[in-house]
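Colleague: Dropping a structure here in structure tokens format, bear with me for questions.
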Amino acid sequence: MLAAIAAGAALPVLAAGPAPLRVGPGRTFERIADAARAARDGDVVEVDAGEYRGDVAVFTQRRLTLRAAGGRVRLVADGRAAEDKAIWVMRGGDFEVEGFDFEGCRVDGRNGAGIRFERGRLVARDCGFFANEMGLLTSNDPEAELAVEGCEFARNLRPDGHNHQLYAGRIGSLLVRGCWLHHGTIGHLLKSRAALNRVLHNRLTDEPGGRSSYELEFPDGGVALVVGNVVQQSAATENPILVSFGAEGYRGPRHALVMVHNTLVDERGGGSRFLRVAPGATVELRALNNLLCGDAEALEAAGPGEYRHNPRVDRRAFADAAARDYRPASARAVPADAVDSGRFDGQTLAPRFEYRHPCRLAPLDGAARRPGALQQPAHA
């Protein structure tokens, strides 16, 4: 499974029942909450495109698919939250969610989320999480598995500012692929305590006006494969570190951080670091074919590890750095001299896809030949 996911293969699609439960004006169910109570294991819930206000729900089925029909579905909290937690609370089994935007959830505990995922397995595709207190928040169930693909997270903000766009607790595994996380404020764009993390081909960027803390944080260590991501930190951030590993103490038996073919852009300067690995555990650290831009300290400042071919370029190497277009400006701006990325736990690390903005993946024409996440030059 790891090999297929790293290569960019499609996530498995859950089996669906023969008769979808339809939600929308004039349908059997006009509210999603009513369908949530009626749905049985294995059902499919199809929601007509449009806006649903205050339609919060709890899902406890063993297997359930929810998808938008005929366009996007916008879920606006409108002052309500399921169990005082989120617009949707999901626990129990295998869930697949596609085509929904979750907006504006606020609760007394200041952790109002678009989705609170508590137990089981959740696949979220082509969803948006905007202006909640937390975008997507999980529990600490060590058996839980979360996969997020082609989703956007932006401007999720708690009153105290310590928000995270995507926050995975101490779950079993996290996969984030083809997503765009941006415009954080003080909190982190992606924070994960999962035992196994696969962060593949995403865009994690402050963008104009954004001032997130870490762009990517693994506070408990664990195993993290970070491949093919565009990571940018703005000059407005108060935190000088882009990627952090083990900052809150190490948990679990194994700790490995593998960073391959990422583009890391520091706009803060002034003692910044592309990467910090906290002391306190033996960490297998590998950094290969990453493209660095900015005045931050070299990756090697993180400590002992394998570092190969992580060149530094100036902003002129990109198509339009001021507009956050980090494609190579030309074939010569970023030479096609990448080294062999090798393997991890027997699986190849060489990317076969790249991120295309917004929230898409594109197959590479052959092997990744340039350092950095983006291979196709803006100009031949």
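The values are calculated or read from the model by the stated rules, or taken from the named source; none is laboratory data. Bear in mind the structure is a predicted one, so any value in this text is a computation, not a measurement. Virtual Cβ from ideal backbone geometry, glycine too; neighbours counted across all protein chains shown. Side chains included, ligands, DNA and RNA excluded: accessible areas come from the protein's heavy atoms. Shrake-Rupley method; radii C 1.70, N 1.55, O 1.52, S 1.80 Å.
Colleague: Tabulate in residue order the Karplus-calculated ³J(HN,Hα) for region 228-234, using 6.51 cos²θ - 1.76 cosθ + 1.60 with θ = phi - 60°, rounded to whole Hz; enter x for Gly and Pro.
Modeller: Working through the residues one at a time gives x, 9, 9, 10, 10, 10, 7 Hz.
Colleague: Using amide H atoms built in the peptide plane, which far-off residues or other-chain residues are under 5 Å from Glu96 H to H?
Modeller: Amide H neighbours of Glu96: Leu64, Thr65, Leu66, Val123.
Colleague: Check each of the GluC sites (Glu not before Pro) in region 187-292 and keep only those in coil by DSSP with at most 15 other C-beta atoms within 10 angstrom; list them in order. All intermediate terms of the calculation are to be shown ahead of the outcome.
Modeller: On the way: sites: Glu215, Glu217, Glu238, Glu248, Glu267, Glu284; in loops: Glu215, Glu238, Glu248, Glu267.
Sparse-neighbourhood loop GluC sites (Glu not before Pro): Glu238, Glu248.
Colleague: For the chain, what is the accessible area per residue in Å², given a 1.4 Å probe and the full set of protein chains?
Modeller: For the chain, the solvent-accessible area averages 38 Å² per residue.
Colleague: Please turn the phi angles of region 36-53 into ³J(HN,Hα) values with the Karplus equation 6.51 cos²θ - 1.76 cosθ + 1.60 (θ = phi - 60°), one per residue in order, whole Hz, x for glycine and proline.
Modeller: The phi angles translate into 4, 6, 8, 5, 10, 4, x, 6, 10, 10, 10, 10, 4, 4, x, 9, 10, 9 Hz.
Colleague: 5 Å is the cut-off here: which amide hydrogens, built 1.01 Å from N in the peptide plane, fall below it relative to Arg327, excluding neighbours closer than 5 in sequence?
Modeller: Close amide H contacts, sequence-distant or interchain: Ala319, Asp320.
Colleague: I'd like the accessible area for Phe274, computed on protein heavy atoms only with a 1.4 Å probe and all protein chains in place. Round to 10 Å², please.
Modeller: We get 0 Å² for Phe274.
Colleague: For the chain, take the convex hull of the Cα atoms, compute a quarter of its surface area, and give me that in nm², please.
Modeller: For the chain, averaging the hull's shadow over all directions gives 17.8 nm².
Colleague: Take the chain, connect every pair of alpha-carbon atoms lying under 10 Å apart with a spring to form a Gaussian network, then pick out the residue of Asp55, Asp43, Asp337 with the largest mean-square fluctuation.
Modeller: Comparing Asp55, Asp43, Asp337 in a Gaussian network model of the chain, the most mobile one is Asp337.
Colleague: A follow-up question, please. Please report how far the C-alpha centroid of region 80-98 lies from that of region 325-380, rounded to the nearest whole angstrom.
Modeller: Using only Cα atoms, the two centres lie 36 Å from each other.
Colleague: Go through Thr28, Thr138 and list them by solvent-accessible area, largest first, probe radius 1.4 Å.
Modeller: Of Thr28, Thr138, the descending order of accessible area is Thr28, Thr138.
Colleague: Dipole magnitude of region 173-306 about its Cα centre, charges +1 at Lys/Arg Cβ and -1 at Asp/Glu Cβ only, in debye to the nearest 20?
Modeller: Rounded to the nearest 20 debye, it is 460 debye.
Colleague: Another question, then. Put +1 on the Cβ of every Lys and Arg and -1 on every Asp and Glu Cβ in the chain; which of Ala287, Ala235, Phe344 then has its Cα farthest towards the positive end of the dipole?
Modeller: Phe344
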